[in-house]
Amino acid sequence: MWTFALARLAGILLAGLVGGLLVGPIWVWLLAAMCLYLAWQLVNLYRLDRWLRLRSQIDPPNLGGVWGDVIGQVTRLHRRKQYHKQRLVQLYRELRRSTAALPDGVIILSSQHEIVWFNRQAARLLGLKRPIDVGLRVDNLIRAPEFVRYLHGDDFALPLVIRPPVHAELFLALQLVPYGAGQSLLLVRDVTRQMRLEATRKDFVANASHELRTPLTVISGYLDVLADDPAIDEVWAGPIRDMRAQAQRMNTIIADLLELSRLESTDGEAPREPIDVPRMLERMHRDALAGENRPRQVTLEMDTECGLYGSAQELESAFTNLLVNGIKYTLSEGMVRMRWWADEEGAYFSVVDSGIGIPAEHIPRLTERFYRVDAGRSRDRGGSGLGLAIVKHALQRHGAWLDVQSIEGKGSTFTCHFPPQRIWQPSLRAAASA
């Protein structure tokens, strides 16, 4: 094309040169030829510009040479753009249809937590309206305090269960999934059925445990009488002893179930009563030293005199369960060490033992109800599988959490982390009262 265009330009210049040699001044004829060529190019440029502006209304001009090649390339680019545009529109429609068919709600949030888009299920569950709510911050529409804390936190591994203001009878699980440049997906799932089943299960366990307590107390009482009765044949001594041990184990399980049900049914945070933790730990240490079948060393280290704001009953239950666990799974020549300390990030209570340890794959499930690493060994040692579940719920009520570190065959470390706002300074209170 460019060879043909250069040849045409050369032909026009040659014609002007011949005309100048035959008729008059050469430069006049060459200038006239160039002006004619420029005018022709300007006409072609005008036709191309007009077609580009009115491409949807008129056909492309029929130009040859380089101009025709340019028009051909523009036409191919336009067709390619139209094809990709149609593909994008088709993909967008398929995405909207697929998200609309999801049983869960989906909300796309910007880096500022503003709503970019949501599907029909999210609109139904949360009462969102399009286009009124698009562009608004999601925490202005979902005003639950726990959701605001969750949204501005950094731990989104577990979903948050709330009751939306528009449908107070529902339970919704919200989970944030970050992606891209600060954007995130908010997944909304209706978990009302699961929550009601869980509530029914908790009520059943609590009621059954409560109803079993009275007959079991009667059975234990008669077994105690039979065990102390010298008239009982010696042949029955072994079976009665076994029955007493099993009745005692059932009493322990029922007591743990009732305590766990109480913790689960109590809403909100624990009360903010001052607790003298060092004195509590000293009493626990004395009781542990007086117990039978304990390890050779049971020690207590206290690096601070501060206490905690909370429920003394719940914290003593949690600390005792951790201590009993450490003693239970440590051999007689082993060691169990309790430690209480604090720093600028909070207060800590840990139980370190040199016992049998826990395989790594079992650690995430230790706080589940009735979960045992080795069911047979736990039963032999009198474990109910509820102790660490009680610890977990008691700590959650105090804004704390449990960290477990263990090496199989070498021992375990259970550490309770308490936030700074739960720390009680006895010295400050004494100064204030004085």
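Residue 245 meets all of the listed conditions (1) of a type outside the set (S, T, N, Q); (2) modelled with pLDDT under 90; (3) exposed (fewer than 14 other Cβ atoms within 10 Å of the Cβ); (4) not assigned by TED's automatic domain parsing to the domain that holds residue 215 but one, namely (4).
Take residue 52 and decide whether it is in a helix (DSSP H, G or I) and under 60 Å from the mean Cα position of the chain (by Cα). The answer is yes for residue 52. Residues of segment 95-116 that are within 11 Å of residue 186 (Cβ to Cβ) and assigned to a strand (DSSP E or B): 105, 106, 107, 108, 109, 115, 116.
Take the conditions modelled with pLDDT of 90 or more, surrounded by 20 or more Cβ atoms within 10 Å (Cβ to Cβ) and not hydrophobic (A, V, I, L, M, F, W, C) and apply them to residue 406. Does it pass? Answer is yes for this residue. May I ask you to verify whether residue 233 is modelled with pLDDT under 85 and farther than 22 Å from residue 390 by Cα? So residue 233 fits the description; yes.
Among the residues of segment 78-110, write down those that are surrounded by 13 or more Cβ atoms within 10 Å (Cβ to Cβ) and either small (Gly, Ala, Ser) or at positive phi (or both). Residues satisfying the conditions are 105, 110.
With respect to the conditions (1) of a type outside the set (A, V, I, L, M); (2) touching a Phe, Trp or Tyr at 6+ places or on another chain (Cβ under 9 Å); (3) surrounded by 14 or more Cβ atoms within 10 Å (Cβ to Cβ), residue 196 falls short on a single one, namely (3). Do we have any residue at all in segment 311-319 that's part of a loop (DSSP other than H, G, I, E, B), over 16 Å from residue 412 (Cα atoms) and in the same structural domain as residue 422 (by TED's automatic domain parsing)? Yes, there is a match, as at least one residue in segment 311-319 is part of a loop (DSSP other than H, G, I, E, B), over 16 Å from residue 412 (Cα atoms) and in the same structural domain as residue 422 (by TED's automatic domain parsing). Checking each residue in segment 118-133 for being surrounded by 14 or more Cβ atoms within 10 Å (Cβ to Cβ) and either in a helix (DSSP H, G or I) or hydrophobic (A, V, I, L, M, F, W, C) (or both) picks out 118, 120, 121, 122, 123, 124, 125, 126, 128. Restricting segment 164-193 to residues that are surrounded by 16 or more Cβ atoms within 10 Å (Cβ to Cβ) and of a type in the set (Gly, Ala, Ser), the residue that is farthest from residue 107 (Cα to Cα) is 173. Only one entry in 300, 289 is touching a strand residue (DSSP E or B) at 6+ places or on another chain (Cβ under 9 Å) and surrounded by 13 or more Cβ atoms within 10 Å (Cβ to Cβ), namely 300. Which residue pairs have Cβ atoms closer than 9 Å, lie 6 or more positions apart in sequence or on different chains, and pair a first residue in segment 328-341 that is on the phi < 0 side of the Ramachandran plot with a second residue that is part of a strand (DSSP E or B) and aromatic (Phe, Trp, Tyr)? Correct list of pairs: 338/349; 339/348; 339/349; 340/348; 340/349; 341/348; 341/349.
The values are calculated or read from the model by the stated rules, or taken from the named source; none is laboratory data. What you are looking at is a predicted structure, and each value in this text was computed from that prediction instead of being measured. Note that we place each Cβ from the backbone using ideal geometry, even for glycine, and neighbour counts take in every protein chain shown.
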